[in-house]
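The values are calculated or read from the model by the stated rules, or taken from the named source; none is laboratory data. Here the structure is a predicted model, which is why all the values come from computation and not from measurement. Every residue, glycine among them, receives a Cβ derived from its backbone with ideal geometry; neighbour counts consider all protein chains shown. Each accessible area value is taken on the protein alone, full model and side chains, heavy atoms only, with ligands, DNA and RNA left out. Shrake-Rupley method; radii C 1.70, N 1.55, O 1.52, S 1.80 Å.
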Amino acid sequence: MEESEYYKISKENDLPLRCPILNYCSRRAWTIYLFSEYSKYDPSLNMVQALQKAGEIPKDFEKNEILVQGESPSIIRGSDNYYFSDVCPEVNLFDGMNAMISGKACSKGDYDKYYKGEKNRVLKSQHFSECAEFNKYMFDNDKIGKKRKTTKRRKAIPSRIKSLLQKEIGSECPFCKNEDVDHFQIHHINENPENNKKENLLMLCPNCHSKITKGDINMETVMKRKIELKK
């Protein structure tokens, strides 16, 4: 699966073009660590330390880490061949510096110099929406509401929650930084108006709220901004 097909799947399923949990996904981190053999550079560093030193993951990775669910990434290497499985497909597709099969969204593949024809083989293609970590994140944060087809009844947001949201943004829009706002609005991140948990709400100015509705500000950007405000 190449980039154009990958993006098409995202659009058809009303998802961000790329995985929104990328920076904090443990499967991606382990994939990079194993593919680029960071353990050879400095064996005294663990995976997180090595990748943070290389600038591959943020400094607050451990605080917000989404742990590997199910099978762990693995790679077996020989002098003339290798085989990998259960890896993050976005590393191969987008991260040319760390990829084993560059430009392909594959989670399983192999290479053998003695293969006739193509030496690299894609054994399994995968979109981020199929990853266990993404689905756990969606489930834990009730973000599956966006996919529900039934009409949701909007519930009143408690004043206490509104006050916490106002404090969270410091009385300025988290996107355009406008402080001169007559009335801040509240966006439901998963677009489920029944979910009034603080983690699913973001206070912002009407102009930026409209941009989210129109798609000018995508879900990935909204989720990333919400995580940043938690720090």
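Couple of notes before you dig in:
- Given (1) at negative phi; (2) modelled with pLDDT under 95, index of the condition residue 85 fails: (2)
- Residues satisfying the stated conditions in the stretch 35-49, i.e. part of a helix (DSSP H, G or I), within 23 Å of residue 101 (Cβ to Cβ) and open to solvent by less than 50 Å² (accessible area, probe 1.4 Å): 35, 38, 47
- Condition met for residue 69 (among the polar types (S, T, N, Q), open to solvent by 20 Å² or more (accessible area, probe 1.4 Å) and in a helix (DSSP H, G or I)): no
- Residue 144 fulfils the conditions (1) over 28 Å from residue 90 (Cβ atoms); (2) at pLDDT below 85; (3) among the aliphatic types (A, V, I, L, M) except for a single criterion, (1).
- Only a single criterion out of (1) within 15 Å of residue 107 (Cβ to Cβ); (2) open to solvent by 30 Å² or more (accessible area, probe 1.4 Å); (3) assigned to a helix (DSSP H, G or I); (4) among the polar types (S, T, N, Q) is not satisfied by residue 31, namely (2).
- Within the stretch 7-26, restricting attention to residues that are under 11 Å from the mean Cα position of the chain (by Cα) and not in a loop (DSSP other than H, G, I, E, B), the residue that is nearest to residue 90 (Cα to Cα) is 22.
- Any hit, the stretch 26-35, residues being of a type outside the set (D, E, K, R) and touching a Phe, Trp or Tyr at 6+ places or on another chain (Cβ under 6 Å): no
- Test: residue in the stretch 104-111 that is assigned to a loop (DSSP other than H, G, I, E, B) and either of a type in the set (Asp, Glu) or in contact with a Lys or Arg (Cβ under 8 Å, 6 or more places away or on another chain) (or both): no
- Residue match in the stretch 206-229 (condition: within 20 Å of residue 16 (Cα to Cα), aliphatic (A, V, I, L, M), assigned to a strand (DSSP E or B) and open to solvent by less than 30 Å² (accessible area, probe 1.4 Å)): no
- Only one entry in 111, 115 is over 23 Å from residue 195 (Cα atoms) and either at pLDDT 95 or above or in contact with a strand residue (DSSP E or B) (Cβ under 6 Å, 6 or more places away or on another chain) (or both), namely 111.
- Odd one out for residue 164, checked against (1) under 21 Å from residue 135 (Cα atoms); (2) modelled with pLDDT of 90 or more: (1)
- Residues (out of contact with any Pro (no Cβ under 9 Å at 6 or more places or on another chain), surrounded by 14 or more Cβ atoms within 10 Å (Cβ to Cβ) and under 13 Å from residue 35 (Cβ atoms)) located in the stretch 75-90: 75, 82, 83, 89, 90
- Residues satisfying the stated conditions in the stretch 103-126, i.e. open to solvent by 50 Å² or more (accessible area, probe 1.4 Å), among the charged types (D, E, K, R) and over 14 Å from residue 3 (Cβ atoms): 108, 113, 116, 118, 119, 121, 124
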